[in-house]
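Take a look at the structure set out below.
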Amino acid sequence: MSTQELRKERIDRGIKVRSDGLYALMSLRELSYLTLPRFILIAGMISLPFLMPGMYWQRVISIVCIYAVLALSFDFLSHYVGLVSLGGAFFIGTGGYVAGILNTYYGVPPVLTVPLAAAIGGIFCTLMLLPCLPLKGVYFAIVTLMYPLFMARIIEAFDIFGGTDGIVGIDSFSSAFVEQYFVVCMVLIFLFGLRRFVTTDRGLIFTAIMDNDQAVKASGINITKYKALAVFIASSMGCMAGACLTHIYMWSGISQFALDFSILPIAATVIGGAGTLVGPILGCLILVPVSELLRDFGTLRIVFYASILVGFILFRSDGIMVFIQRKYEQFERWTKI
Amino acid sequence: MLEAKDLMVFYENMLALNNISIKCDDNQIVGVFGANSAGKSTLMYSLSGIMLDIQKKEDMAGGERITLTGDVLLQNKSIMDVKPSLRAKAGIVLCPERRRLFKESSVIENLRIGGYLATKDEAKQTINYVMELFPALVKLKNRLGGFLSGGEQQMVAIGRALMAQPKVLLLDEPLLGLSPLMQSTLIKSIKVIQEEKNISIIVSEQYARPVFPIVDYAYILENGAAVMEGTRDELMDNPDVKAAYFGVS
């Protein structure tokens with residue numbers, strides 16, 4: 001007989017139950033159960049540029065934030081709308097080129113190019129992806145993977161927008177301080193905005209589309225419209241990040257359509273915890289600096305990188321954030337059966 | 001033949017099966033009846049070992065923790081830790097709920113896949129046997145699984161389970177969503193299978209009436225616990241059972 005006498009059970013912490021449904025928080029200390037994690041995140045993100053030793057690592061933080069926005073848009077699109085998009089590079093590249101063109105050809109200052117790139121790029125990406133919206137799952141992923149390659153080759157072949165050299169001489173942000181705080185704030189605003197958005201009625205429809213699109217259609221909702229809206233939101237975020245990237249490097253070129261921008265956000269989402277929205281940011285905060293540290297290993301970098309990823313998928317496929325969240329909200333104890 | 005002793009299954013903190021002991025003797029048809037969420041499917045999964053698979057998957061993904069205790073015995077030997085594939089080899093074959101046909105494969109292919117454990121001769125014989133048992137399938141041999149009606153799909157599913165040369169056949173809700181006529185046809189065939197193949201069959205169902213005439217012994221589950229058990233006649237005379245599972249007041 002293989003009868004165990006004990007089993008481990010997971011119980012929600014009392015404070016979790018009280019803050020979740022009952023709203024019976026009795027002191028500031030109990031309130032801090034909800035506010036503290038958010039405070040740590042916000043304070044941590046804001047103090048990051050200060051904590052970094054020198055220009056190089058400050059620049060890394062900017063890049064982390066750009067990847068974080070991209071990962072956020074991927075997580076939103078794939079786990080709240082059900083469109084697995086590999087088109088991160090498409091969003092970044094489009095946003096980058098729009099910002100570059102506006103800045104160099106029309107002389108628009110960076111303050112305006114970034115929001116304009118988000119709007120124009122978002123509309124452009126949505127229009128381009130509109131024919132693919134009926135696709136689902138791996139088909140949508142493949143098509144979105146093709147778009148960045150397609151754009152890069154068009155720019156190369158027709159030699160437009162500087163061709164292979166890219167657009168040079170783009171204005172940078174007015175100072176490093178502005179640059180870093182702009183991207184950090186962008187990440188935080190998008191994070192909390194999206195977290196709120198997915199719980200609204202519209203967000204509910206998105207989740208429903210992911211679960212069963214036929215049932216949503218049967219409820220009299222035009223799912224193409226909603227999918228287009230979701231793609232617009234995600235691509236605007238990506239384009240905004242791309243515009244920032246352009247201004248940070250003062251250059252926009254074909255390499256902004258590189259596959260890195262499609263793959264790294266996915267890796268970050270897997271490591272951080274899919275469907276948590278905070279997870280992808282956490283993933284980026286780990287992955288991007290790690291890949292910087294591994295630069296010494298040259299091309300072997302990818303080997304380490306891939307090993308980390310495979311390890312995570314095999315042994316912690318729920319992601320760091322889901323794990324932390326569970327530890328924070330529940331405790332375990334042995335009970336008699 | 002197949003026996004479960006003090007079987008308990010927890011999905012996280014929810015008790016899905018509570019101390020269930022059931023027994024299926026040689027050449028017997030045992031019925032397991034209960035409403036939704038009574039634990040029928042969980043019991044079937046635990047008997048066939050699929051539960052171990054689900055447990056492992058959930059564990060790897062960091063999802064629900066499933067706790068299994070108790071014992072499952074096949075011919076008085078514990079098979080609690082035996083993998084589902086090996087249990088199938090030992091003769092416990094599950095015909096899962098909602099049929100789960102291979103939708104992209106034709107009827108004959110579905111049967112052949114089920115015959116992985118059988119020798120070539122056995123497979124050939126069983127295919128012929130299934131075609132004899134369900135003559136409706138002869139014409140549909142090359143139709144894809146996804147294009148069959150519910151009843152035809154269920155026939156293929158039972159046939160596929162038979163192909164694995166079971167000693168104990170577990171049928172999880174074989175009558176789900178079928179017309180009364182189709183139900184009675186299938187039930188008759190189940191009886192025929194039991195008699196001709198000399199195997200034990202455990203069949204679970206929500207509504208007892210169509211299945212009841214063929215079972216030798218039955219268990220009634222409620223909220224994960226076996227609240228009543230007895231031979232067909234014993235249960236038939238019980239007024240509670242009549243009211244709850246036959247719709248007779």
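Things worth noting here:
- Each part reduced to its alpha carbon centroid, the stretch A:122-180 and the stretch A:75-102 end up 8 Å apart.
- Inter-label distance, nm, simple model (7 Å from Cα along the C-beta direction), residue B:15/residue A:214: 3.9
- Simple spin-label estimate for residue A:157 and residue B:240 gives 7.7 nm between the two label positions (7 Å along the Cα-to-Cβ direction from each Cα).
- Between residue A:168 and residue A:29, the FRET efficiency estimated from the beta carbon spacing at R0 = 35 angstrom works out to 0.05.
- Accessible surface of the stretch B:101-164 [probe 1.4 Å, protein heavy atoms]: carbon and sulfur percent: 51
- Amide H partners (placed H, <5 Å) of residue B:219, local residues excluded: B:31, B:32, B:33
- Ordering A:251, B:28, B:95 by the projection of their Cα atoms onto the charge dipole of the protein assembly as shown, which places +1 on the Cβ of Lys and Arg and -1 on the Cβ of Asp and Glu, puts A:251 at the extreme positive end.
- All Cα pairs of the stretch B:101-164, percent lying beyond 16 Å: 32
- Tensor-based shape of chain A (alpha-carbon gyration tensor, a/c under 1.5 rounded, otherwise prolate or oblate): prolate
- Zone residues, the stretch A:82-121, relative to residue A:146, backbone N less than 15 Å from point 7 Å out along Cα-to-Cβ: A:86-87
- Since only A:66, A:143, A:212 are under comparison, the one whose Cα sits farthest along the positive direction of the charge dipole of chain A, derived from C-beta charges on Lys, Arg, Asp and Glu, is A:212.
- FRET efficiency for residue B:179 and residue B:112, using Cβ-Cβ distance with R0 set to 35 Å, rounded to 0.05: 0.80
- Under a model in which nothing but the beta-carbon of Lys, Arg (+1) and Asp, Glu (-1) is charged, the stretch A:1-102 shows a dipole of about 200 debye around its Cα centre.
- Taken over chain A, lysine pairs spaced eight or more positions apart, or on distinct chains, with alpha carbons under 12 Å apart number 4.
- Near-label residues of the stretch A:45-86 by backbone N, under 14 Å of a point 7 Å along Cα→Cβ of residue A:136: A:81-84
- Computed on the protein assembly as shown, the Cα convex hull volume stands at 215 Å³ per residue.
- Surrounding net charge for residue A:289, when Lys and Arg each add one and Asp and Glu each subtract one, Cβ distance under 14 Å: +1
- At full extension, residue A:222 and residue A:51 could sit 56.8 nm farther apart than now, given 0.36 nm per residue minus the alpha carbon distance.
- Residue A:334/residue A:43 FRET efficiency (R0 41 Å; Cβ-Cβ; nearest 0.05): 0.65
- Using θ = phi - 60° and Karplus 6.51 cos²θ - 1.76 cosθ + 1.60, couplings along the stretch A:115-122 (whole Hz; Gly, Pro as x): x, 5, 4, 4, 6, 5, x, x
- Rounded to whole numbers, the Karplus 3J(HN,Hα) couplings from phi for the stretch A:185-191 are 5, 4, 4, 5, 5, 5, 4 Hz, using 6.51 cos²θ - 1.76 cosθ + 1.60 with θ = phi - 60°, and x at Gly and Pro.
- The stretch B:81-138 versus the stretch B:216-233: alpha-carbon centroid distance in Å: 29
- For the stretch B:127-186, with +1 on Lys and Arg beta carbons and -1 on Asp and Glu, the positive-most of B:185, B:149, B:138 along the dipole: B:138
- Out-of-range pairs (alpha-carbon distance over 23 Å; input B:141/B:167; B:23/B:191; B:56/B:197; B:77/B:120; B:40/B:242; B:40/B:197): B:141/B:167; B:56/B:197; B:77/B:120; B:40/B:197
- Solvent-accessible area of residue A:333 with every protein chain in place, 1.4 Å probe, in Å² to the nearest 10: 110
- Paramagnetic label zone (point 7 Å from Cα along Cα-to-C-beta, residue B:53; backbone N under 16 Å) in the stretch B:70-107: B:81-103
The values are calculated or read from the model by the stated rules, or taken from the named source; none is laboratory data. What you see is a predicted model, and the numbers here were worked out from it, not measured in a lab. As a convention, Cβ positions derive from the backbone with ideal geometry for all residues, glycine included, and neighbour counts pool all protein chains shown. SASA here: full protein model, heavy atoms, side chains in, ligands and nucleic acids out. Shrake-Rupley method; radii C 1.70, N 1.55, O 1.52, S 1.80 Å.
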